[in-house]
Each structure stands twice: as C-alpha cells, then as structure tokens.
Amino acid sequence: MRQLCQRLQRFLPRLCFAQAFPCLGTLLLAIVLSGCSFSLAADVTPPPGASDIVISRTQIASSLEDIYPLVPPDVLKGKAIYEEKCAPCHGINGDGDGPRAAQLPNSVPALSDLEVSRQAVPAQWYLIVTNGNLDRFMPPFPSLSDSQRWDVVAYALSLSTSSASIEQGAKLYQEYCAACHGVEGKGDGPQASSLAKPPTNLTDFAFSASRSAFDLYSSIVLGLPPSMPAFADQLSEEERWAIVAYLQSLTFTAAPEELQNAAMQATLPVSSPGEATVTATPAPITTPTPLPQGETRIGKGMIKGRVSNGSGGQVPPDLVVTLEGYDDFEPVLTVTTTLKSDNSFLFEQVEMREGRVFLVYTEYGGTTYTSDVAVAPAQDASLDLPLVIYDTTTDPSVIKCDRLHLFLDLIDESTLRIAQLYIMSNTSNKTLIAERPGQPTVRFKLPVGSSNLEFQDGALGERYIQTPDGFGDTASIRPGAGNYQVLFAFTMPYNRKLELVQPVSMPIDALIVLVPEGNLKVRSPLLRDEGKRNAEGTTYHVYSGGSLAVGEELRLSISGQPGAGSFSLSSGSRASLMIGLSVFGLALILAGIWFYRNTRVEELDEEPTETGENLEVLLDAILALDDQYQSGELPEEAYLERRAELRAKIKELKEKS
C-alpha cells in the first residue's frame with residue numbers, strides 16, 4: 001500500500017483531498033494515518049479495503065459557475081455512457097442491482113427510485129460523477145468530459161421518468177403555466193409583462209441544474225410570491241409531479257420510450273432505392289461469469305496509447321514511456337518502451353490479472369506526466385492509456401487564483417489561527433516550472449507577524465520553501481482550470497481585535513470567508529455579508545468578496561472573543577490539525593457551492609449591475625460554445641440555438657446600457 005502511495009504521489013497532481021469528498025469522518029483519519037495523499041483518478045470501483053485511498057478529480061472548474069452546462073445534455077449519449085460506466089453497480093435500469101453491487105460493503109443507490117430521484121439536484125449529481133464518493137465506493141470519472149458528465153447525469157435522472165407522466169405534465173403545463181412562463185417555458189407568456197417579477201425561464205440550464213424535482217414540486221404547491229400563485233388546491237399530487245416531470249424534460253431528461261425510439265432510429269442505415277436494408281441490433285450488455293471464490297483470471301493483453309503535446313509543440317521522438325502494474329497496491333510490473341514514429345506506444349504480452357492496476361508515465365521538461373489509472377478488465381485484454389505532455393514556462397503571471405477561502409479560528413484569547421485555501425488555474429498552455437532548481441514556481445505573501453505556518457500537504461524545507469515575505473511552492477503546475485490548490489494555516493497574535501493586512505501576490509477572482517458562528521466578527525469594505533450557513537454540523541457566518549489585483553492588500557478587521565463550543569482546528573497535534581484543515585476545506589467547498597447555487601439563479605432575473613462584467617461573461621460563454629462545437633462535442637442544431645440565445649442576451653444588455 002505504502003509503495004503505491006509513494007509512487008503515485010510523485011506523478012499525480014496534489015489536490016485538496018477535502019474537495020474530493022462529500023463526507024469525511026473516519027476516512028480522514030485513515031488518510032492521515034496512512035500518510036497517503038495521492039490522487040488515484042480512475043474509472044474503477046475501488047476494491048474492498050481500499051477506503052484509505054484518496055481519489056480526487058484531476059479537472060476542477062475554474063469557478064462554480066462552470067459546473068452548469070452551456071448546452072442541453074444529450075440523454076442518448078448519456079445512456080451509452082451509463083451502460084458502460086454505471087450499470088455494473090447501479091444496474092441497467094438504475095435499480096441498484098448491477099453485477100458489482102453485491103461485491104460492495106454498502107448498498108448501491110437505486111437511481112430509478114422516486115424517493116432518490118426526486119431529491120436529486122442535477123448539479124450535485126454532476127459533482128459526484130466528477131469527484132467520486134469513496135466513502136460509498138464510487139470513483140470519480142476524469143476520463144469523461146464536462147459535457148459527457150452532464151449527459152450521463154441527464155440519463156440517470158430519466159430512469160425514474162415515464163412518457164405518460166411527461167405527456168400528462170405537458171398538457172397541464174399549457175393549461176396552468178404557459179400564460180406566464182410561455183408555451184416553451186422561456187418566461188415569455190402573454191401575461192408575463194403584467195407580473196411584479198418576470199417569470200423564470202424554465203429552459204435555463206443553471207435554473208434546472210440547481211433544483212431538484214422536490215424543489216419544483218414545492219414551488220408548485222406553495223407558489224413563489226409575489227408573482228407565482230400556489231396550486232395546492234387546484235392540482236392533485238399526481239398532477240403536480242407530472243408537471244415536474246415535464247419541466248425536467250425541457251432541459252435534462254427524456255422518457256424511456258423516447259430513448260428507445262431514438263436508439264432504434266440510430267441503428268437504421270440509410271439505403272438507396274432497391275437496396276436491401278440491414279438493421280443492426282445493439283450488442284447486449286454482458287457480464288463475466290463469476291469465478292469461484294479466491295480465483296482470479298490471468299491472461300495476456302496489450303496496453304497502448306499515444307503521446308500528444310498539449311502546448312501544440314512537438315513530441316520528442318526518443319521519449320521513454322514506462323508502464324507500471326500493481327496488485328493489492330504492491331508493485332508487480334515495470335516495463336519501458338520508446339515512442340513509435342506516430343507518437344504511439346505499445347506494450348504487448350502484458351500479464352493481465354483481473355483487478356490489476358496499471359498506469360503509464362513519462363518524463364518531459366523536468367516534469368512527470370501520467371495517464372489515468374486503469375484496472376485490468378475481466379474480459380477485454382486491451383487497455384488504452386493516452387498521455388499528454390506540455391512545454392514549459394517560467395512566467396508566474398500565468399497563475400491566477402479563482403477563489404481564495406479563509407477560515408478564522410480563535411485558539412485562545414491571544415492567538416488567532418487563519419487557514420487559507422487557494423484554488424488556482426494555470427491560464428497558459430504550458431507547465432509552469434521554476435527558473436532554477438530549488439526555486440519556487442509560485443510565491444505566497446503572509447501578513448507581518450504571522451507564525452506557526454503549517455500545510456495540509458508538505459512542509460517547509462520539502463515541497464515548500466521559506467521566502468522573505470512568506471513562502472513559495474516548488475511544485476510544477478500543469479495547465480488547467482482549478483487544478484492547482486494550496487491549503488495552509490498560520491497564527492497571528494490577538495488581543496480582542498486584529499487588523500489583518502495581507503499583500504496580494506497573484507490575481508484573485510473571488511474571496512470567501514468563513515467564521516464559526518458566535519465568537520468572531522469580520523468587517524471589510526471588500527466583503528459582503530451572506531448570512532449563516534450550516535456545513536457538517538457546524539454553523540458558519542459567510543462573507544464573500546470580489547476581485548483583487550496583484551499589489552493590492554487584503555484587509556480585514558477582526559474582533560471578538562473565544563466562544564464556548566466553537567469549532568477549532570487546533571488540538572495540539574499535527575494529525576489533528578490536518579484533519580481540521582480538511583474539514584475546513586470541505587466546509588469552504590460546501591459553502592461556496594451553496595452560495596453560488598443560491599445566488600446564480602436569482603441573478604438571472606435581476607437587472608445587471610455592471611453591464612461590462614455581464615457582457616464579458618456572455619462573450620466567454622460564446623467562446624466556450626464555439627470550442628465545444630468545433631471539437632465535435634456539440635450538435636449543430638443545439639450549437640446554433642444556444643449561440644442565438646447568448647447573442648440575444650448580449651443585444652439586450654447593450655440596449656439597456
């Protein structure tokens with residue numbers, strides 16, 4: 001176990017493991033005690049007993065806004081992904097009875113169950129597909145693109161939907177809702193202009209992704225003052241749920257019959273007059289015949305892949321690629337090869353023991369690049385493990401902080417601990433490295449008077465080095481949005497109040513501050529009070545702020561005294577501090593997701609406060625849409641429709657300015 005931890009820790013990105021889990025508990029203690037903090041990013045179900053492995057995603061959105069889809073999910077594509085990735089555990093019909101389900105120590109959620117699906121928030125399911133949930137033995141799926149994750153979420157939501165319910169809901173919608181929300185649900189009904197508040201655009205993906213079926217049902221029952229009346233007395237329970245099913249079908253789901261018909265149409269070839277038409281039948285999903293207990297399939301297979309340069313440069317012809325294999329987390333295989341003329345590599349006659357873990361890696365430009373981790377299949381004796389390398393840059397200005405999270409913790413009457421989580425992006429297409437070996441790639445400035453600096457991952461003299469005004473990180477940083485994070489804590493002397501002044505060393509897009517409720521108050525012209533939120537059983541006061549430029553200062557006025565029962569990161573040991581930091585990181589992520597989910601939708605119905613800022617967001621959305629279309633991820637019809645909507649919003653903003 002330890003050998004695999006140490007090996008993978010060299011290769012894979014160091015991510016805040018707290019962000020990868022929706023729940024912690026004993027898992028955190030196991031992580032700390034095992035000393036293993038690598039990212040095992042693989043589309044596999046971890047074997048029993050692997051609960052001390054940290055599985056975290058390798059791609060994180062640059063902001064919480066990025067979790068919402070720009071275009072409608074493709075439910076039919078999601079069906080194919082579901083059958084490959086999800087059905088082995090969740091079952092082909094989503095009943096939680098897949099062939100692997102019986103091998104897990106916990107029950108698998110039945111996605112088709114109404115109690116499960118009606119409480120499901122699409123954005124939360126997307127995050128679970130992205131991050132995984134090791135506590136429930138569910139892996140992350142880094143091999144899926146953002147659009148593919150939304151596709152499979154949409155299909156999973158459709159497993160509890162019927163055509164009859166959608167059809168009933170469509171008729172009821174036209175009778176009770178269309179006058180305000182419009183025939184197509186876009187908020188443009190004939191009575192919309194007379195309402196105190198414009199009706200919600202029910203086809204907006206951010207709206208539908210952030211609400212469960214139960215949320216929609218509650219709005220129908222209770223209404224939404226001042227414009228939407230309650231329908232509790234006008235509709236039966238069955239009718240309300242039918243309308244909900246129809247509303248979800250506007251953006252996310254499709255009825256099983258529609259999926260079946262679409263799949264049948266996809267198998268019908270186009271034939272010329274007079275030619276015979278042959279209909280292809282999709283191959284049924286098969287599962288391997290179980291072996292007697294204690295026996296494992298062993299065969300020979302091949303592992304192949306191709307190396308590409310994500311910076312657009314050349315791939316060195318003499319690049320050496322190494323394959324490693326692990327059984328029960330112990331190394332059993334190490335083989336090297338060189339690239340072929342087409343930048344591909346091939347390992348033949350590889351012993352494929354069922355359940356064996358494989359990865360490939362290469363060294364380029366002083367940085368190690370690895371593939372996803374794959375597990376030897378039960379039947380197919382071939383694995384594809386592509387590698388992406390990048391050219392290098394020494395310019396630290398390519399790094400920006402998407403979100404800076406702060407947690408304030410009074411240890412005692414004279415000591416304040418401040419934990420900070422930086423979630424950053426390398427905005428270039430090159431890996432950032434240090435100008436000279438042993439020098440930092442990124443520098444962090446600390447307030448004057450800070451002491452007792454500790455890190456969630458590493459220590460001064462190891463990954464991190466001390467600088468005159470703070471510390472630096474020596475890790476190389478690959479291109480990508482939000483894939484570089486640093487979580488650390490330090491203390492400040494405190495006497496009932498503190499004026500915190502911290503220089504800004506990199507651009508910061510957003511700021512979130514959490515304070516345990518009851519013992520501290522924070523004031524700053526940079527911050528907006530967002531009220532109280534509960535995360536993991538602790539009540540926090542949440543503050544949010546806008547952007548900060550390099551050279552500016554983060555200034556906070558902090559006052560208050562220790563309160564009985566307040567949450568604390570400190571209990572005297574490094575292991576306890578690490579657990580506290582991890583809980584803090586989780587609380588920040590939960591608070592950030594809550595904050596975005598609850599403010600984003602409200603902003604859609606409000607007058608833009610800064611036309612330039614909103615215009616920039618819309619322009620960025622069009623660029624992202626263009627990229628998706630050009631890469632083939634988006635059908636032309638959906639692309640043109642969504643682009644027209646975005647352009648219409650831009651025109652509207654310009655007319656108002």
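Give me, ordered by chain and number, the residues 5 or more places off Asn483 or on other chains with an amide H under 5 Å from its own placed amide H.
Ile60, Asn426
Applying the Karplus parametrisation 6.51 cos²θ - 1.76 cosθ + 1.60 with θ = phi - 60° to the phi angles of region 401-414, what ³J(HN,Hα) value in whole Hz is obtained for each residue in order, glycine and proline being reported as x?
9, 5, 8, 10, 10, 10, 10, 9, 9, 7, 6, 8, 5, 10
Please list, in chain and number order, the residues 5+ apart from Gly305 or on another chain whose amide H is under 5 Å from its amide H, with Hs placed from the backbone.
Answer set, sorted by chain and number: Phe345, Leu385.
Show the residues, 5+ positions off or on another chain, whose built amide H is closer than 5 Å to the amide H of Asn133.
Met138
Apply the Karplus parameterisation 6.51 cos²θ - 1.76 cosθ + 1.60, with θ equal to phi minus 60°, to every residue of region 172-184 and state each ³J(HN,Hα) to the nearest whole Hz, in sequence, with x for glycine and proline.
Calculated HN-Hα couplings, in order: 5, 4, 4, 6, 9, 10, 4, 4, 9, 7, x, 4, 9 Hz.
Over 29 Å between Cα atoms: which of Lys79/Lys300; Lys304/Lys430; Lys497/Lys532; Lys430/Lys649; Lys445/Lys497 fall into that group?
Check vs 29 Å cut-off fails for Lys79/Lys300; Lys430/Lys649.
Considering only the other residues whose Cβ falls under 11 Å of the Cβ of Ser311, what net charge follows from Lys and Arg at +1 and Asp and Glu at -1?
+1
Using only the Cα atoms, what convex hull volume per residue in Å³ does region 298-389 have? Walk me through the numbers on the way to the answer.
Values: hull volume 8.2 nm³, N = 92.
Convex hull of Cα atoms, per residue: 89 Å³.
Give me Asp409, Asp395, Asp113, Asp146 sorted ascending by neighbouring Cβ count inside 10 Å, so fewest comes first. It would help to have the intermediate numbers written out before the result.
Working: Asp409 24, Asp395 10, Asp113 15, Asp146 18.
Least crowded to most crowded, the residues run Asp395, Asp113, Asp146, Asp409.
So what is the orientation-averaged projected area of region 163-252, using the convex hull of its C-alpha atoms, in nm²?
Details: hull surface 20.8 nm².
For region 163-252, the mean projected area of the Cα convex hull comes to 5.2 nm².
Any idea how far the Cα center of region 153-205 sits from the one of region 443-486, in Å?
That distance is 49 Å.
Ranked by Cβ crowding within 10 angstrom, fewest neighbours first, how are His405, His541 ordered? If you can, show how the numbers build up before the last one.
On the way: His405 23, His541 20.
If I rank by nearby Cβ atoms, fewest first, I get His541, His405.
Which order results if Trp125, Trp150 are arranged by neighbouring Cβ count within 10 Å, fewest first?
Going from sparsest to densest Cβ surroundings: Trp125, Trp150.
In whole Hz, with x marking every Gly and Pro, tabulate ³J(HN,Hα) for region 430-439 from phi via Karplus 6.51 cos²θ - 1.76 cosθ + 1.60, θ = phi - 60°.
10, 6, 7, 10, 6, 5, 9, x, x, 8
Evaluate the charge dipole of region 370-498 about its Cα centre and quote only its size in Debye, nearest 20, assuming +1 on the Cβ of each Lys and Arg and -1 on the Cβ of each Asp and Glu.
Dipole about the Cα centre, nearest 20: 520 debye.
Read-outs: derived from the displayed coordinates by stated rules, not from any lab. Computed from a prediction, not measured in an experiment: that's the story for all the values here. Cβ: placed from backbone, ideal geometry, glycine included. Neighbour counts: every protein chain shown.
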